[in-house]
Amino acid sequence: MADYAFRTLEDRRNLQDLYETGLSPRELSEKMEKTVTVIYTELRRGRDGTRLEDGRLKYDATVAQRAVNRSLERRGRKASRTSQGAT
């Protein structure tokens, strides 16, 4: 399994709550003890297309969790078309 910095929906909800208080990615990084790059990646993953009152793009923990789940489902070795029909 991939080593995601935010492993659970609870971690992502914590990030969402802190982000909505107005903290910058650098401040989030210090508070959550993650690198700034990890914070930016996670914020990008959870964009839902809307904006907060201060104009920043909104982060939604549920959207981010779904994106990670989809990514994990797509991983792994895929069976070839010819072997699927063979018995």
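The values are calculated or read from the model by the stated rules, or taken from the named source; none is laboratory data. What you see is a predicted model, and the numbers here were worked out from it, not measured in a lab. No Cβ is skipped: glycine too gets one built from the backbone with ideal geometry, and neighbour counts run over all protein chains shown.
A few comments on the model shown:
- Scope region 1-26; condition surrounded by fewer than 15 Cβ atoms within 10 Å (Cβ to Cβ) and charged (D, E, K, R); matching residues: D3, R7, E10, D17, E20, R26
- Selection over region 51-74 of residues that are surrounded by fewer than 13 Cβ atoms within 10 Å (Cβ to Cβ), free of Cβ contacts under 8 Å to residues at least 40 places away in the same chain and of a type in the set (A, V, I, L, M, F, W, C) gives a count of 1.
- Screening D60 with (1) among the acidic types (D, E); (2) under 20 Å from E73 (Cβ atoms); (3) modelled with pLDDT under 95 gives one miss only, at (3).
- Filtered residues of region 33-83 (kept if out of contact with any strand residue (DSSP E or B) (no Cβ under 6 Å at 6 or more places or on another chain) and β-branched (V, I, T)): T35, V36, T37, V38, I39, T41, T62, V68, T82
- Among the residues making up region 32-75, a single one is under 14 Å from the mean Cα position of the chain (by Cα), small (G, A, S) and assigned to a loop (DSSP other than H, G, I, E, B): G46.
- Conditions (1) within 17 Å of A5 (Cβ to Cβ); (2) at pLDDT 95 or above; (3) among the basic types (K, R); number of the one not met by K34: (2)
- Contacts under 7 angstrom Cβ, first residue in region 6-22 being modelled with pLDDT under 95 and in a loop (DSSP other than H, G, I, E, B), partner surrounded by 16 or more Cβ atoms within 10 Å (Cβ to Cβ) and of a type outside the set (K, R), 6 or more apart: F6/L15; F6/E42
- Evaluated against (1) in a helix (DSSP H, G or I); (2) at pLDDT below 95, K78 falls short on exactly one condition, (1).
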